[in-house]
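Structure first, then comments.
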Amino acid sequence: MYYLLEFFRKYHYLLLFVVLEVVSFVLLCRFNSYQGSVTLSAANSTAAAIGGLYDDAKAYFQLGEINADLTQRNLQLQIQNEQLRERLRQLGADSSYTTRGVAQALESYSLIPASVVSNSVTMRRGGYLVIDKGAADGVRPEMGVVGGGGVVGIVYLVGNHHALIIPLTNSKSNVSCRVRGKDYFGYLSWQGGNLLHATLQDIPRYAGIKPGGVVETSGYSSVFPPGIFVGRIKAVNNSADGQSYALDIHLGTDFARIRDVAVVATPYKAEIDSLYHHAQEAEAQMSRH
């Protein structure tokens, strides 16, 4: 209480001046229409500006949630697009049957949204990505990972709440891809250097490939569904032995700025992996005999 009284004693002239100024300003605006209208207009403009800044800030902090939602919607649209192309090619104009087939095909895939929390991808060695979802969220090794730009990579190691991803820009990556509309498939690998470029190997020379074509997942594995966008053909080159094409692919995913992703889970993966495992065991037993 002493300090409060001391404050008023020390600054009472200044406080009296401020009070008189406020009272004078209120009286001026109340009993003079012109000054009152100018003050009201200025107050409304200021309030509108502050409201606009608040709305912009609110929208900015919601961008992460919006991007995550768009990533999932983009993947779902890519899957639906591929299933529609395939069904329409097989069934022609039977739209009702096609719709049922698309719905049934999509039931086998589920998406686990995630965010990249660590990015060690560099032009020299490829590197890895770490996402904020793990075994507790249903993530398992060898699941596919996609983003708004298409395929991102494959789950390598999994912890309870995080997972390590091998991106397409890693020397260990080897994803089965095809050229859209051609049904010829090969394996995508990264040769180092530019993070936006990779090479699709083993495409037959008679395939009639041209620059600008779309490269997508082939579906010949349990990792990715068919038809997920990978990139576009930038150049058509001969392979080292001259027997096939090595396509220069401009990747759809920008690994230097990637953040929102989704892990692709399918209930059939364990069954397919089990079949491969039994086949390998049978081959090993035959070789021993």
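Please treat every number below as a calculation from the coordinates, not as lab data. This is a predicted model, so every value here is computed, not measured. In this analysis, Cβ positions are derived from the backbone assuming ideal geometry, glycine residues included, and neighbour counts consider all displayed protein chains.
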(message) Treating the stretch 112-266 as a set of equal point scatterers at the Cα positions, no solvent, please give the Debye-formula log₁₀ I(q)/I(0) at q = 0.08, 0.09, 0.17 Å⁻¹.
(response) -0.21, -0.27, -0.90
(message) Please list the three semi-axes, largest first and in whole Å, of the ellipsoid equivalent to the stretch 177-224, using sqrt of 5 times the eigenvalues of its alpha carbon gyration tensor.
(response) 18, 15, 10
(message) A 31 angstrom limit on the alpha carbon distance is what I want to check against. Which of LYS133/LYS172; LYS172/LYS234; LYS133/LYS210 exceed it?
(response) LYS133/LYS210
(message) Counting other beta carbons within 10 Å of each residue's own, what order do ARG232, ARG178, ARG140 fall into, fewest first?
(response) ARG140, ARG232, ARG178
(request) Find how much the distance from GLN191 to TYR220 grows on full extension, using 0.36 nm per residue of separation minus their present alpha carbon separation; answer in nm with one decimal. (result) 8.2 nm
